[in-house]
Structures are given as structure tokens and as C-alpha cells.
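Visitor: Here's a structure for you.
Taken together, the values in this text are just the output of simple stated rules run on the coordinates, not laboratory data. The structure presented is a predicted model; accordingly, all values stated were derived computationally and were not measured. All Cβ positions, even for glycine, are placed from backbone atoms using ideal geometry, and neighbour counts span all protein chains on display.
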Amino acid sequence: MTMHTSRVAGSSDIGLSSDRRRRVAMLGQGPWQVLLGLLGAVVLPAAVRWPDSAFEFAAGSPLINAMIGTAAALLSGYYILRRFATFPGLQIFSVILPTFSVTYGLMVSGLLLIRHDYSRFQIVASFIIAVAFYNYAFLVMQRTSRPRLAVVPRGNVDHLTELRSADWSLWPWPDRLPDQHDAVVADLRADMGEAWEVFLVRCALAGIPVYNVKHVYESLTGRVEIERLSENTLGSLTLSSAYAGLKRALDTAVAIVVLPLFALICAAAGVLIKLDSPGPVLFVQDRIGYRGRTFRMYKLRTMRVSAEGPHFTESHDPRITRVGAILRKYRVDELPQALNILKGEMSWIGPRPESQPLSEWYQREIGFYGYRHIVRPGITGWAQVNQGNVARPELVKSKLHYDFYYIKNFSPWLDLVITAQTIRTVLTGFGSR
């Protein structure tokens, strides 16, 4: 379920005139975003250059080639962003620049490959306008698409009102329909009584969507809260073998391409590690990975060799060296794990592998913990980009909720979202310890 619905004017529209409210709502709609994007980022730059005699408005001219290319780059980038926007918890503004950088970059590469001339002004201007316009357009969409939900006050629903990504109303009247709301939310496993059951039926017949509280919580938070393993919660206990095979092939190909660069970075980091503190450059530790198998994971050493402490890393951990703090903040210490990826022990994206003692402790405390091993562990993952690295073992259940969301929604689109979010994480150092 995706909670992206058009909503009636509510609290976020206070202070807007009716005409302005209509314009704002229009800009939040997909067709208008496409049309205005094409006009602003493709037609407008071309219109500026048409009077220039160096640019002929004819088939095969540099300007026409660039217009076709920028239109394709804009449309493909917009389509990707709309798919990204369906994932809860994603800060869509953090992926707009990376997304258009990729689509415009591929477009320019294609023009160079087929040796077609193009207008550099058209491409640069189009890229700048596209990034600026869709930052504004998605801001408007976020403002106008905030769902307004009526909640049946029965069962386990109290925690919903703590979420700020929707407007909530505890609906006290089973004899009245919430016709000014986008949907109704109910705990369908609760014994709510005949009056409320009739109310839900009437809502469905009136065309008002009725959602289960667990699905709404998952859609708005990007977390799957699991009390036990069950098909009702996860949908299935198996994964798409087709995408799993493709993902493994892509992991290997990317690892082969980046290994030379990673080797140079690790060599430079190794010199700094040796100068900063005595001990080996690499830290090697047994981790629990794919299908519960133990493997040896490689990292650049970021702690003092003689340091003793818990198996997890705390905030401002005194064991971390000066160089190690920088390597951990920007995830440089993870680069040697490209070797684990080549060996088939890890993936670029997946749940983080835990040390053997921690994994055994979690398994004793949380019976369904081992299900996260159905996919290969990753260097980055849904939990890392949303929560960062947890500092205490008792917080692992919260991290598991993100891991199970990833497993339940295992797809190339979610991997693309995590990739884009990881760029932000690396640049900002979010969640490092």
C-alpha cells in the first residue's frame, strides 16, 4: 500500500487564497509536473538560443539533438523520482540532484557514443532548471499530498498519532461516514463490535479506502513490525530468484570495476593508519552472512589494537583512533569489503552483517532474527540510510524492522533508493559511530 493520495484542503493550506490553493495543488499533480518541466527545462533554453544564427532549427542540428536528449533525460529522471517517492521515509530532495546527474550524464554519453553534435548551453541550462524546478515541484507535492486519515478507535491504533507524516482523526461516530478524509485506518485483527464492522463496510461501499493499521504504519515509516514470522506479515518467506541472480551479477561487475580505485584509496588510508597507531591495516572479523554462514569480513582498522570493550561500537567510543574517526564517518573503512562481494559473501546493499557473538545473542533474544540472513548482507542498507548504525544491542529490534521492510520489498527500485540515500550518507557522515 502506498499512502500517496490527493487530499482535501486542510491545515497546510491555511492562509492561501482559493486561486493560489488551486495553483499549488495543480503543481503537485504529475501531468502538470511533466508539462511544466518540459516547457521550462527543454523549450525555454532552446528558445533563448533560437535567435542565434549558429543554431539551425532543423533535423540533426546540435540544438535539436540536445532538445531530444534533454527531454529524454528529464522524463526518465522524473519517472525514477516518482518511483522513489513511493518509498516511505525517503527524503526525496536528497536524491533529485543525483538522479538527474545520472540521467543527463547517460544522455551526454549516448550522444558522444553515436557522435552527434549537441548544444552545450541547452544541456547545462536544462539540467540546472530541471533540478531547481523539481525540487520546488516535489516540495509542493509533499505539501498537498499529506494524507488525512480517520482512525477507528478500537484495538492497537494509539501509536499512529505519533507519526507526523499524516493528519489523524480518531473517528468517534460509527454511524457517520468520514467523507472529508482520504482513507479509514482500523486494526482489522481487533474485536471492534458490530457497529464498527458495519461502518467499515459502508466506507468501502462509498469508495473510501479502508487500510489495516499495520500496513499504514509500514507505508509511512518504512518499517515492518513483526511479532512472529508469518505469511500474513511478510507476504512470502521467499525472494524473487530472478532479481536475486541479477543483483549478484551486478554486484560482481561493479566490484571488478571499482576495485582498482578502492585499492588506491585503501593504500593511502593504510599509510595514515600505520602512522596514527601501531597494528595491522586491516581488521578481520568473523560475521554471520548469507543463509547463516560464517565468513571473514574485511575492514580498515579504526580502533586501537589493544583496546577492549563490547562487541558493538558506542557513540564517541574512546577506542576509535583519530584517523579511524574520519574513516568511519565517511565509510572509507568499509571499502575492503569489495573483496567479500567478489567472493559472493556480501552484496553492496543488504542488512549489515553482525559479529558472531552479537548474532548469537540476537538469535537467543529474538526468535525470528535469523530470517534476515535470507539475503546477502550489504555494505549499506535500508536500516543504515534511515537509522544509522545502532549503538546498543537492545536497539537491534528497531533495526530489524527496517531489515524486514527491505526483505519484504526486495526490488531494484528499493536498491536504487538506498544507493541514492547512501550518497547523502557518505557526504554527510550520517549515522556514523
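Visitor: May I ask for the percentage of alpha-carbon pairs in the stretch 241-428 that lie more than 23 Å from each other?
Guide: Details: 7341 of 17578 pairs.
Counting every Cα pair in the stretch 241-428, those more than 23 Å apart make up 42 percent.
Visitor: So what are the ³J(HN,Hα) numbers for the stretch 161-170, from phi and the Karplus equation (6.51, -1.76, 1.60; θ = phi - 60°), rounded to whole Hz, Gly and Pro as x?
Guide: 5, 6, 7, 9, 8, 8, 9, 10, 9, 6
Visitor: I need the phi-derived Karplus couplings for the stretch 356-369: 6.51 cos²θ - 1.76 cosθ + 1.60, θ = phi - 60°, integer Hz, Gly and Pro marked x.
Guide: In residue order, the calculated couplings are 4, x, 5, 4, 5, 5, 4, 5, 5, 7, 10, x, 8, 4 Hz.
Visitor: I68 versus A204, label points 7 Å from Cα toward the beta carbon: distance in nm?
Guide: 5.1
Visitor: Calculate, for R120 and T86, the FRET efficiency according to 1/(1 + (r/R0)^6) with r their C-beta to C-beta distance and R0 41 Å; round to the nearest 0.05. Could you put the intermediate results ahead of the total?
Guide: Values: r = 35 Å, r/R0 = 0.84.
Between R120 and T86 the formula returns 0.75.
Visitor: Ok, one more. In nm², what is the average projected area of the convex hull enclosing the Cα atoms of the stretch 134-200? Intermediate results must be reported in sequence, preceding the final value.
Guide: Details: hull surface 20.7 nm².
Average of the hull's projected areas for the stretch 134-200 equals 5.2 nm².
Visitor: Scan around S347 for amide H atoms under 5 Å from its own, H built in the peptide plane at 1.01 Å from N, and keep only partners 5 or more places away or cross-chain.
Guide: Result for S347 returns G378, I379.
Visitor: Could you pull out every residue, at least 5 positions away or on a different chain, whose amide H is within less than 5 Å of the one on L282? Hs are placed 1.01 Å off N in the peptide plane, and Pro or chain starts have none.
Guide: It is R301, by chain and number.
Visitor: Taking the simple approach of a point 7 Å from Cα along Cα-to-Cβ for both E194 and K343, what is their distance in nm?
Guide: Computed distance between label sites E194 and K343 equals 6.6 nm.
Visitor: In straight Cα distance, which lysines are under 20 Å from K329, not counting same-chain residues fewer than 8 positions off?
Guide: The reachable lysines, counting only those whose Cα sits under 20 Å from K329, are K274, K299, K399.
Visitor: Next question, about the same structure. List, in order, the whole-Hz ³J(HN,Hα) value for each residue of the stretch 326-331 obtained from phi through the Karplus relation with A = 6.51, B = -1.76, C = 1.60 and θ = phi - 60°; use x for Gly and Pro.
Guide: 5, 4, 5, 4, 9, 6
Visitor: Hey, with R₀ at 45 Å, roughly what FRET efficiency would R176 and Y136 work out to, going by the Cβ-Cβ distance, to 0.05? Walk me through the intermediate numbers first.
Guide: Working: r = 39 Å, r/R0 = 0.86.
Here the calculated transfer efficiency is 0.70.
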